[in-house]
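Below is one structure, written out as structure tokens, with a few remarks after it.
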Amino acid sequence: MNILLIGAGVSGLTTALALRRAGFGVTIVAEQFAPHVTSVVAGALWEWPPAVCGTLDDSEALARSKRWAASSYQHFEELARDPATGVWMRRACFYFDHPLTPGSPDRQKMDEARTLVRELTHDASLIEENGISPAAGMRDAYRYLAPMVDTDTYLAWLLDECIRLGVAVVKASVSGPLHEGALLRTFHASLLVNCAGLGARALTGDDVIPLRGALIRVRNDGVAMPRIEAAHVVGHPDGSAGQEIIFIVPRGRDQLVLGGLAEPDRWELDLALDTHPPVRAMLDRCIAFMPALAHAEIDAAEPVRTGLRPFRRRNVRVDHQPGTRTLHNYGHGGAGVTLSWGCAEEVVRLAEGLL
Ligand SMILES: Cc1cc2nc3c(=O)[nH]c(=O)nc-3n(C[C@H](O)[C@H](O)[C@H](O)COP(=O)(O)OP(=O)(O)OC[C@H]3O[C@@H](n4cnc5c(N)ncnc54)[C@H](O)[C@@H]3O)c2cc1C
């Protein structure tokens with residue numbers, strides 16, 4: 001059974017790999033590959049949903065995201081045993097400007113995460129221990145062991161693994177709207193899987209918009225400042241995506257990324273510290289929060305990475321489009337890495353049901 005899959009970001013490659021491992025023949029068609037995909041820009045911290053960069057008001061959608069995230073956690077934990085994958089398990093600390101009182105939403109989120117993640121500790125003394133400025137006004141904190149993905153290494157590993165297992169790869173653009181009949185005939189496939197991220201907007205006409213983000217890249221080799229070994233994160237006060245997010249995440253062996261920015265419906269990618277004030281403000285915010293970063297040396301070769309999160313107002317779409325031979329897996333917003341393995345497994349179940 002051959003499957004044609006559109007997209008070579010983290011969603012497409014993970015889904016292709018999961019389908020191939022389940023015994024399907026798979027051809028990936030993608031307009032762009034790493035490093036020219038949003039997935040390479042990602043932080044890429046695994047987070048228990050909803051992520052700091054996004055809310056989910058729909059309880060059913062939130063429950064699905066939690067199942068997907070839980071499955072991904074287990075996959076990433078396994079992958080982290082092999083350094084070639086670029087996946088690391090590290091401590092991630094989450095800070096709050098209020099105590100996490102029993103019954104509060106933040107406390108509930110922490111208690112849920114506790115059932116899944118490893119080494120969860122709830123302790124306000126993490127604030128002082130981790131050198132967070134008292135002026136930041138943090139009152140409570142917890143930490144757990146979380147997957148953090150060096151996306152440059154991981155996307156290359158995913159593609160290599162697909163090819164090693166016999167997935168065919170074609171660099172081409174599919175024009176919208178999707179005409180599954182012609183595509184399936186051209187590629188001798190029985191099923192189409194759409195993992196086009198923001199490209200799904202043109203392919204399906206769905207309401208997927210960019211939620212622009214940017215990360216500042218600094219050296220984390222212990223020379224200019226003490227090496228930062230854990231992630232440090234503060235969400236938006238009311239849980240929505242906004243500009244107050246603090247996102248400090250180690251990447252690979254000697255890099256650190258600083259964020260975050262969440263600008264809805266903005267498409268331009270050419271943002272620099274000196275030309276886009278919100279990027280400079282993001283750096284200043286991180287330094288004010290963790291003063292040790294004042295000495296950080298910014299990566300001169302690539303100071304800022306910008307990407308467009310594929311945000312779908314009606315939440316992530318993983319489904320079979322009724323009356324067609326098309327499955328969808330797109331619209332992951334700020335959580336595409338976190339959800340990748342769970343969504344891929346759901347696509348495999350849907351494909352097995354159809355074929
Ligand atoms: C600054 C920033 C920080 C982030 N941090 C995190 C984080 O910490 N944790 C996390 O989980 N997520 C994070 N994300 C979100 C994550 O990057 C996305 O959710 C994820 O990359 C989406 O992956 P994707 O494979 O669906 O899309 P993409 O990576 O955009 O891939 C889409 C693929 O589809 C192809 N395509 C599109 N249209 C067509 C077409 N018409 N024909 C052929 N091919 C097509 C593209 O060429 C590409 O190959 C972050 C994002 C940003 C921007």
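Let me know the shape class of segment 299-339, please: from the alpha-carbon gyration tensor, a ≥ b ≥ c as square roots of the eigenvalues, rounded when a/c is under 1.5, otherwise prolate if a/b is greater than b/c, or oblate.
Verdict is prolate for segment 299-339.
By the scheme Lys and Arg +1, Asp and Glu -1, what is the net charge of all other residues having a beta-carbon under 13 Å from that of His179? Working shown, then result.
Values: positive: Arg185, Arg325; negative: Glu180.
So the environment of His179 carries a net charge of +1.
How many percent of the alpha carbon pairs in the chain exceed a separation of 31 Å?
Numbers: 19642 of 62835 pairs.
In whole percent, the share of Cα-Cα pairs in the chain beyond 31 Å is 31.
Computed from point charges on the beta carbon alone (+1 for Lys and Arg, -1 for Asp and Glu), the dipole magnitude for segment 1-132 about its Cα centre is near 540 Debye. Modelled this way, with points 7 Å down the Cα-to-C-beta line, the labels at Val170 and Asp111 are 5.3 nm from one another. Among the trypsin sites (Lys or Arg not before Pro) within segment 26-90, those in coil by DSSP and having at most 13 neighbouring Cβ atoms inside 10 Å are Arg81. Cα gyration tensor of segment 98-193, axes a ≥ b ≥ c as square roots of the eigenvalues: rounded (a/c below 1.5), prolate (a/b > b/c) or oblate? Because a/c hits 1.5 or more and a/b exceeds b/c, segment 98-193 counts as prolate. Counted residue by residue at 0.36 nm each, then reduced by the alpha carbon distance between them, the extension gain from Ala281 to Val223 reaches 18.4 nm.
D for segment 210-316, whole µm²/s, Stokes-Einstein with Kirkwood Rh over alpha-carbon pairs at 37 °C and 0.692 mPa s: what number? Intermediate results must be reported in sequence, preceding the final value.
Values: Rh = 14.3 Å.
It diffuses with D of about 230 µm²/s by this estimate.
Restricting the GluC sites (Glu not before Pro) of segment 290-350 to loop positions (DSSP other than H, G, I, E, B) with no more than 16 neighbouring Cβ atoms within 10 Å leaves Glu297. All C-alpha pair distances within segment 270-355, sorted into 5 Å bins from zero, spread as 3, 11, 15, 14, 12, 11, 9, 8, 7, 6, 3, 0 percent across the bins.
Each value in this text was obtained by applying a stated rule to the coordinates, not by laboratory testing. Only a predicted model underlies this, so the values are computations on that prediction, with no experimental measurement involved. Glycine gets a Cβ as well: all are built from the backbone with ideal geometry, and neighbour counts include every protein chain shown.
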